[in-house]
1. Is it the case that Val303 is of a type in the set (A, V, I, L, M, F, W, C) and under 20 Å from Cys118 (Cα atoms)?
2. Out of the residues in segment 1-16 meeting the condition of being loosely packed, with under 12 Cβ neighbours inside 10 Å and within 25 Å of Glu75 (Cβ to Cβ), tell me which one is modelled with the lowest pLDDT.
3. Among Ser87, Ser163, Ser122, which is the only one that is modelled with pLDDT of 90 or more and either over 23 Å from the mean Cα position of the chain (by Cα) or not β-branched (Val, Ile, Thr) (or both)?
4. Considering only segment 135-154, state which residues are loosely packed, with under 15 Cβ neighbours inside 10 Å and either in contact (Cβ under 8 Å) with a residue 60 or more places away in the chain or among the acidic types (Asp, Glu) (or both).
5. Pick from segment 177-194 the residues that are closer than 18 Å to Asn145 by Cβ, without any contact (Cβ under 8 Å) to a residue 60 or more places away in the chain and of a type outside the set (A, V, I, L, M): which of them is surrounded by the most Cβ atoms within 10 Å (Cβ to Cβ)?
6. Could you check segment 297-344 and list, in sequence order, the residues that are acidic (Asp, Glu) and under 24 Å from Ile287 (Cβ atoms)?
7. Is it the case, given these coordinates, that Gly285 is over 21 Å from Val319 (Cβ atoms), of a type outside the set (Phe, Trp, Tyr) and touching a residue at least 12 places away in the same chain (Cβ under 8 Å)?
8. Does segment 294-308 contain any residue that is touching a Lys or Arg at 6+ places or on another chain (Cβ under 8 Å) and closer than 26 Å to Arg190 by Cβ?
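The values are calculated or read from the model by the stated rules, or taken from the named source; none is laboratory data. Owing to the predicted nature of the structure, the values given are computational and were not obtained by experimental measurement. Because the Cβ atoms are built from the backbone with ideal geometry, glycine has one as well, and the counts that use them run over all protein chains shown.
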Amino acid sequence: MMLNQVEDLASKASDELGKITDVNDLEAWRIHYLGRKGSLIQILRSLADLPLKERRAVGARANELKEVLEAAFVEKKRNLRQDLALSQRREALDITLPGQQVPLGRLHPTTQMLEEICGIFSNMGFQVVEGPEVEWDYYSFEALNIPADHPARDMFATLWVDSEAKTGGRPMLLRPHTSPVQIRVMEKSRPPIRIIAPGRVYRYEATDATHEWMFYQVEGLAVDRNITLADLKGTLFEFARCLFGEDRKCRFRCDYFPFVEPGVEMAIDCLVCRGAGCRLCGNSGWIEILGAGMVHPEVLRRVDIDPEVYSGFAFGMGVERIPILRYGIDDIRLFYSNDLRFLKQF
């Protein structure tokens, strides 16, 4: 019967209306049930085909349903607009509130230390020079007075890139120190020379708390007439004073490096115990920070600089060692573990 259709329509329309959460969906519901071609209007238009008694009953129920659905539509629309307005107020930007702080990136601690070291030597008149990380054997060893059969080669755990057969008798390697930059500069420049060479170096060795296979070095070179060991000591003392503090004490002791003669190691008084002796300095009161010496005459001859006329000094230090000493870091691997908990402290 038509009356049953009206009741089914009422039930279906009510269920659908209760599930609507969007204004656009609500409008689609209105068009479907109450529009000019909607389901309820179609029922009203078909009343003429019904018997008089059924027409009156169906017509009365259909008109009643139309009023109910229109009122429900208006109420639902008002509720949806209220919900939307409340949501917008919750999400609105309160311009009176202070802005949220945006986390800023910062330089890696090694980069910070490199810039600090380079800044100190630049202020003393040194030029910053860089060179290739993949280097020839000649610049890494032979030109530095370390021929193929020299026992000092055992001091460097070298990472070889190509054999002699592939490079025409010129072995290639990842540089184990930045000293090749000194040779390249002396080949192309004449004294006076005053440079520092920062950069990454590579060693073929197992990593632990005090060793890494890749780390940074800064090496320095000065060549001119009448340069003496006193100039070297004065330069490095000024560097230590600028980096570690005005009251820093320094000590120089003899050491061996193939490319300098004489060679020395430089140490500063312990940052923790001030020379009294503690765990950090091995109870010696001193901490070694770099190696240095007077440029070996043979090194100067290889680059056509007369050692009878010119002399020079050179030095080299591991960059990571400086913040390790300054901040009491107990594992060099932390520098390259990409752990933000460590890095953001600097």
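1. When the stated conditions are applied, Val303 does not pass them.
2. Ranking the candidates gives Asp8 first.
3. Checking each option against the conditions leaves just Ser122.
4. Asp149, His150, Asp154
5. Pro180
6. Scanning segment 297-344 gives Glu320, Asp330, Asp331.
7. Taking the combined requirement at face value, the residue satisfies it.
8. Yes - at least one qualifying residue is present in segment 294-308.
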